[in-house]
Ligand SMILES: *Cc1c(COP(=O)(O)O)cnc(C)c1O
C-alpha cells in the first residue's frame, strides 16, 4: 500500500526507510503475508482431506522462514545438504522434513539419515543401493517415497501428456522402471516403502493437469497392489501452485485448488478400486512468492528510438540478473511500480534492466512507468519472494542483497547483505 507521502509501504515500513537503513537493492518480505499464506495452505489442504503440506524450501530458505512455515503447521522439503542444514539449524524436527534430489551425495544421504529425516524421495536405481547401504550401516530403517514420472507435465494453463518423458527426474511408470524400483526397495531391509511422489511442474493455474496424473498414479498404485502386494500408503503430489505476477494471471483460489485436486485424486482411486492414500503437497512459490518485493534504485534513464518511431526507455537499476535471473532464464514477467513517490507523469514504454554485462540482463521486459522517472527514484518489483534470492548469483562480483522481513512497522534481518569482503574472503590471493 501507499502511505500519505505517496511512498510504497511493505509490512508497514516505508520503502525509502528500508533503503536508507539496509541499502539498495533489497528484498523485502511481508512477514504477516507469508505466515498467513502458509496457514492458508495448511487449512485449505487439511480441509480438503490432505494429511501433510510441506513448504518447498528451494523457493526461498532462511531459518526465519523455516520457523514461519513450521509455526503454521507445515513440514519442509529440502533438496540438498545445505538446505537441510538450514532447516536443522532452525530447529525443525527431522520427522517434519522430506528430502529430494536426483543426485544426493553420500554425505547428504548420511546427514539426512542421522538427522532422522522423515521421508527420503528416491529418484534412481543407483540411489536405492546407496541409500540402503548407508541406512544399513547406521542401523536405520528409512521410510522412502519413489519419485515417479507419469508422463504429464503442467505449465500454467496447459498440461502436456506424453508417453515418454525425456528429463532427468523420477522413474518412469510407463517403462516399468518405477515398478522395478518398488520391487528392489521391498527386498532391502534398511528401506521401508511408504509411497509415491509425483511433481507435475510449476505455475499451475488449475487442476486439469492433476486429473490425468491422478488417473495414472491410481492405476499404477493398483498394479503395485495386484502384482507385488505392495500398498501405497502415501501419495505426495508435489507443488507448482501458480501465483499472479502480472495482470491477467488468474490462478485458482488456494482452497478451491485444494478441493479440486483432492477430489480428483479420490475419484480416480475409487474408480481404480483402491483406497485413497494419505495425500501430501509441497507448495513453495505460492507461499513465499507474493510475500516478497524487490526494491531497486534507478541509476540511469535512456530513451531509445525504435525503427518504427516508438521510443522505449531503458531504466537501469542497481541489481539485475544476479538478484532475479527468472526473466533472463524463462522469460518470466513481472509487475513494477515507481515506489518512492506518486507521479502524475504520462505512462512511458519502459524496460527495466540491470547493471550486468549482458544485453539479456532484463528485470521487466515491457512495462509502463511514469515519464518523469529520474535517477534516485526507487522501483518496486512485485512477487519476487520465490526463486529470486534462492537463484541469485555474484555475477560481476555484485554482493547479494539483504532479505528483510517487515512486520507491523518493524524490520528484521532475514539474511544480511553480502559485502565485497565476503566475496574477497574466498580468494586466497586477494
Ligand atoms: C520445485 C518443486 C516444488 C515446489 O514448486 P513450486 O512451484 O514452488 O510450488 C515442490 N516439489 C518438488 C519436487 C519440486 O521440484
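Overview of values
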| read-out | value |
| --- | --- |
| Between 0 and 90°, nearest 10: helix 208-228 axis offset from the chain longest Cα axis | 20 degrees |
| Proxy reagent accessibility, fewest Cβ within 10 Å first, across 358, 83, 153 | 358, 153, 83 |
| Extended-chain gain in nm, criterion 0.36 nm per residue less alpha-carbon gap, residue 313 and residue 256 | 16.4 nm |
| Hydrodynamic radius by Kirkwood, which averages 1/r over all alpha carbon pairs of the range 49-288, in angstrom | 18.0 Å |
| Percent RCO, i.e. relative contact order, over the chain, from Cα pairs under 8 Å lying at least 6 residues apart | 19 percent |
| Segment residue 137-residue 371, extension gain: residue separation times 0.36 nm, minus the distance between their alpha carbons | 77.6 nm |
| Whole-angstrom gap from the range 98-159 to the range 359-430, using each part's C-alpha centre | 33 Å |
| Crossing angle, helix 254-272 versus the chain [Cα axis fit, 0-90 degrees, rounded to tens] | 20 degrees |
| Residues 27, 45, 22 arranged by fewest to most Cβ contacts within 10 Å | 22, 45, 27 |
| Packing-based exposure ordering (other Cβ within 10 Å, fewest first) of 306, 224 | 306, 224 |
| Contour minus Cα-Cα distance for residue 166 and residue 418 (0.36 nm per residue) | 86.9 nm |
| CD proxy at 222 nm, helix term only [per DSSP H run n ≥ 4: -39500 (n - 2.57); per residue of the chain; nearest 500] | -9000 deg cm²/dmol |
| Cα-based convex hull volume of the chain per residue, rounded to whole Å³ | 159 Å³ |
| Cα centroid separation - the range 237-253 against the range 30-92, whole Å | 18 Å |
| Antiparallel DSSP beta bridges within the range 49-288, percent to nearest 5 | 10 percent |
| Relative contact order (percent, whole number), the range 172-232, Cα cutoff 8 Å, 6+ residue spacing | 29 percent |
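Taken together, the values in this text are just the output of simple stated rules run on the coordinates, not laboratory data. Just so it is clear, the structure is predicted and the values come from calculations on it, not from any experiment. When we count neighbours, we look across all protein chains shown, and the Cβ atoms used for this are built from the backbone with ideal geometry, even at glycine.
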